[in-house]
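What follows is a set of notes on a single structure, which appears directly below.
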Amino acid sequence: MKKVSVVRAEEATVKPFDLKAFVMPPIQKESLNPVTKKEVKEMAEALGLSYDHAQIVFTRKVMNAYIKKEI
């Protein structure tokens, strides 16, 4: 059971609800750098994936489009 304390209206403090305290600020698009082919290659090697030049180019284009929100 929880304890309940009874207070008078003069004793209670009311604060407005601030939604910004619970929401993350949006990421600035200027702070995001485009992905390079070298970075994609390094990621593939780190994950142990096989790849060829066409797959690297396609992955780079998809990731950059996603960063720019063109998809």
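The values are calculated or read from the model by the stated rules, or taken from the named source; none is laboratory data. Because the structure is predicted, anything quoted here is derived from the model rather than measured. All Cβ positions, even for glycine, are placed from backbone atoms using ideal geometry, and neighbour counts span all protein chains on display.
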Report task. Return yes or no: is V57 surrounded by 10 or more Cβ atoms within 10 Å (Cβ to Cβ), in a helix (DSSP H, G or I), more than 20 Å from the chain's Cα centre (by Cα) and free of Cβ contacts under 8 Å to residues at least 24 places away in the same chain? Result -> yes
Query raised in the report: Of all residues in the range 20-39 being in a loop (DSSP other than H, G, I, E, B) and among the aliphatic types (A, V, I, L, M), which is modelled with the highest pLDDT?
Result: V35
